[in-house]
Amino acid sequence: MANWPTGATDDRVANWPTGATDDRVANWPTGATDDRAVLTGLAYSVGGLVVLGLASEQFVRGAARLAVIMRVAPIVVGAVIVGFGTSAPEMLVSGFAAADDRLDIGAGNVIGSNVANISLVLGVAALAAAVPVKRAVLRREAPLSVAAVAVFALLVQNGLNRFEAVALGLLLVVALAVIIIGSRTDPPGALDELIEDGPAAGRAVRPVAEVVRTVVSLGLVAGSAFVIVEGAERLADELGLSGGFVGYTLVAVGTSAPEIVTALVAARQGETELLVGNLLGSNIFNALAVGAVIGMVGPGPVMDPVLVTLGSALMVAICGVSWLAMAGGRVTRRKGALLVSLWLMSVIVLGSGEEVAAAGMGALASG
């Protein structure tokens, strides 16, 4: 460099035509994506969801058995232990996303899971066989569920802060108290499937084995949740999708996949008596418990206005329609078809809203 003549330039640069660009860049399609990054994101998401589904089932089973071994009242096991266990996937996935400053993915997972539970899962089960609905569930869990999702929808409009997270946690305590007090007259047997071959069946259960089952499965749930968030972020970035839309669709359906399979099997075997109550309870935990978690670990605005406005409105509306569908005491195949159609419609409407919003932002940027 010391012997380089003053003012001299590299011929490769000096002779480069004005305005010319490297063909490798010029010929790269506008908006092109890295296929490897997309496949990696998809592999992370799908692989994580598979592990999550298997591990979450074992976590719920182990936690329920441990609670029974410790002589926790069955009503508390059903309302609290099982409730938290079934919402653990959504809680960890949304919590990791919020902690990583992707509150849009976390909120999208909450909203999408609530919609999927009460439309896709219930609708698929009803298509296989009519699903009965207890009067007690219509009086208790149904209004609590609709109220919970409405509160979450209201609070998420301006983002979530820690004060609102505490408020959601307190509302969860109130909701659990109402459920526990109201469930005292319910017939026993709700935990039979979870603790089969366990203490309720009169068979010896090794506490150490159940502790290992619970701890290991919880670790797998946490690990897979982290992987899912990583995959969702990559897909959103590479495909140009909003984190809220990815959370509402891929992540939410993935975390609800175990419920879909369980509901379908239960419907085919005629064991759907507890299905509606479990789904409504899951929505209560998603809106209040998961909402509280993401507000505590990642407070701030949700950077997806379409999800916040349109997605929240769809959630409340579909939950309200599903409540009406249960009013007759059972969800028939016709109602099940309607519920599945509502879920498909919500995905299309939300996706269209995202496209309109993106087009508007592009117009503003070019102007």
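The values are calculated or read from the model by the stated rules, or taken from the named source; none is laboratory data. Quantities reported herein were computed from a predicted structural model and do not represent experimental measurements. Using ideal geometry, Cβ is built from the backbone for each residue, glycine included, and neighbour counts are taken over all protein chains shown.
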Residue pairs within 6 Å by beta carbon, gap of at least six or interchain, first lying in the stretch 88-99 and of a type in the set (D, E) and crowded, with 24+ Cβ neighbours inside 10 Å, second modelled with pLDDT of 85 or more and part of a helix (DSSP H, G or I), listed first then second, are E90/N109; E90/S113; E90/N286; E90/V290
Note: among V216, V151, V221, V156, just one is modelled with pLDDT of 80 or more and under 28 Å from R65 (Cα atoms), namely V216
Of the listed residues (G254, G243), the one being within 30 Å of P143 (Cβ to Cβ) and buried (at least 20 other Cβ atoms within 10 Å of the Cβ) is G254
A43 passes all but one of the listed conditions (1) crowded, with 24+ Cβ neighbours inside 10 Å; (2) modelled with pLDDT of 80 or more; the exception is number (1)
Listed by first then second residue, the pairs whose first member lies in the stretch 45-74 and is touching a residue at least 60 places away in the same chain (Cβ under 8 Å) and under 12 Å from A88 (Cα atoms), whose partner is among the charged types (D, E, K, R) and in a helix (DSSP H, G or I), with beta carbons under 6 Å and at least 6 positions apart or on separate chains, are Q58/R213
Output for Cβ contacts, cut-off 8 Å, separation at least six or different chains, first residue buried (at least 17 other Cβ atoms within 10 Å of the Cβ) in the stretch 322-338, second charged (D, E, K, R), reads A325/K335
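Residues that are within 17 Å of the chain's Cα centre (by Cα) and not in a loop (DSSP other than H, G, I, E, B): does the stretch 125-140 have at least one? Explain how you work it out, then say what you get.
Filtering the stretch 125-140 down to residues within 17 Å of the chain's Cα centre (by Cα) leaves none.
Checked against the condition, which is being within 17 Å of the chain's Cα centre (by Cα) and not in a loop (DSSP other than H, G, I, E, B), the stretch 125-140 yields no hits at all.
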All-but-one check, A266 against (1) at pLDDT below 85; (2) farther than 22 Å from V146 by Cβ; (3) out of contact with any helix residue (DSSP H, G or I) (no Cβ under 7 Å at 6 or more places or on another chain); (4) not aromatic (F, W, Y), failing number (3)
